[in-house]
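Only one structure is covered here, and it is reproduced in the block below.
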Amino acid sequence: MPKPSRLRLFLVLSIGLISIAFGSIFVKLSQEAPSLVIAFFRMSWASAILFPFYLVRKPAKRSGSQLWLLAAGLALALHFAFWVSSLRYTSVAVSVLLVNTSPVLVALFSYVTFRERLTLRGALGITLAFLGSAVLFLNDLYSLGDWRGAALSLAGACMLGVYLVAGRRVRQQVSLIGYVYPTYLLAAVILGGIVWAGDFRLTGFSSKTYFFLFLLGLVPQCLGHTSYNWALKYLSATIISTVVLAEPILATLLAYWILREAIGIAILLGGVAVGLGIFLVSGWGIALRPKVEVAAAILRTDGKVWIQKRQSTDHLEGYWEFPGGKVDPDESPYQALRREIHEELGLELDATPCDPIHIQEYSYPEREVRVHFFLVQLDSDSPLGSGQWVRLDQLDQFTFPPANQAVIEKIRTEGETILGVIA
């Protein structure tokens, strides 16, 4: 699919930004209902609205990312439980500024857990964000006599960070609707369980409150978050993160205009520090992981494909894969494939270059890879390596690296076109 025009990207991002900025306003206007009930209705309405789109999606093979999907749904439920609750104790400005510190928390988590290298700008950004957060905390403590709103906002930011990390893993293997609908539904079920356990009522509110609860599911959730997720396919996360920084500003202005919430000097100073910190971390906080170009061959004969087990010293030891290897700096992907197939399997591929049938990018914790998959027909020669020929319907019996899942789905769904009739 060709990249959308700049105008279309700008319009989609603008719709997403405005939609999400209204989220805190709708929460404030529906506070006749308890906070957990508000969060439950938001996710329930979003799930109901997206259900028809999920039904007509193209069915996908099980991706093996169910645990990450479960983590994303749980984190999303807790994110809204904490954040919606925070708006009872603090202003829109403080709440949205603190809940948007999730990129800072993700960078800190990546540094501590995955040992990703933190840059000087990243360290400065984290410092500024925490200093700004401290100012916002103290502002609430002295002006409102209550720090719970700021604390709940930061708890919501932590859960949002977990949701983003888990979502990144799942989105590598499934479509947008295949990810967001199950995640929203799971979050709704979890919040429903909390509401039921707490014996909160779901009825008896005014029609105005129910209207704003519906708008919460439609506008900031379905339109806003989906717009950002769609744009991530065409724009870098840095650009998206910079756009997201405008949300607290817009939400604060909307709160001033609609709710008549004042903007004090402490909120202004703390907000500037938090915003600058998020900007530095989002753009340059973590040193980029090495990128590896890989070429792989889908060897076919009689409707079967050749697979082999990764060597014991390799990354992802014990997984099955299609034969191939890394692309050297002075090689094209196809040249690298010819070299690797000759070294591994003793086969001589046609010297005439051909185009890959699929290119897959995937981010592992320690590296980013881009795999060029080539289709190779074998008529007589047999590979010399220790692998085996398998039918397409047998591929589910083997564990492949996550970066292989999309091409496996492609050759399964387009088997007759790509591989010929399965023997």
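Quick notes on this one:
- With a cut-off of 14 Å between beta carbons, the residues surrounding G149 carry a summed charge of 0, where Lys and Arg count +1 and Asp and Glu -1.
- Given R0 = 56 Å, the distance between the Cβ atoms of R121 and D393 translates into a calculated FRET efficiency of 0.65.
- E331-E317 pseudo-label distance in nm [points 7 Å out on the Cα-to-Cβ vector]: 2.4 nm
- Once backbone amide H atoms are built at 1.01 Å from N, Y319 has R310 as its partners under 5 Å, excluding neighbours fewer than 5 places away on the same chain.
- Rounded to the nearest Hz, the phi-derived 3J(HN,Hα) couplings of segment 92-104 under the Karplus curve 6.51 cos²θ - 1.76 cosθ + 1.60 (θ = phi - 60°) are 4, 4, 5, 4, 6, 5, 6, 5, 8, 7, 4, x, 5, where x marks glycine and proline.
- Taken along the Cα-to-beta-carbon direction at a fixed 7 Å, the label points for L141 and R8 span 5.1 nm.
- Computed 3J(HN,Hα) for segment 134-146, one whole-Hz value per residue from the Karplus formula 6.51 cos²θ - 1.76 cosθ + 1.60 where θ = phi - 60°, is 5, 4, 5, 4, 5, 4, 5, 5, 7, 8, 10, x, 8, glycine and proline marked x.
- Per-selection metrics, segment 6-284 (Cα): Rg and Dmax in Å: 18.1, 55
- Cut-off under 5 Å, modelled amide H: who pairs with V376 long-range: I298, L299, R300
- Rounded to whole Hz, the Karplus (6.51, -1.76, 1.60) HN-Hα couplings of segment 148-161, x for glycine and proline: 4, x, 5, 5, 5, 5, 5, 4, x, 5, 4, 5, 5, x
- Simple Cβ-charge dipole of segment 6-284, Lys/Arg +1 and Asp/Glu -1, about Cα centre, in debye nearest 20: 1000 debye
- The slack between D379 and A48, meaning 0.36 nm per residue of separation minus the straight C-alpha distance, is 114.0 nm.
- Principal axes of segment 291-418: Cα extent on each, largest first, Å: 37, 33, 28
- Point-to-point label distance, Q31-K410, nm (Cα→Cβ direction, 7 Å offset): 5.1 nm
- Antiparallel bridges, percent of DSSP beta bridges restricted to segment 291-418 (to nearest 5): 65 percent
Each value in this text was obtained by applying a stated rule to the coordinates, not by laboratory testing. Only a predicted model underlies this, so the values are computations on that prediction, with no experimental measurement involved. Note that each Cβ is placed from the backbone with ideal geometry, even for glycine, and that neighbours are counted across all protein chains shown.
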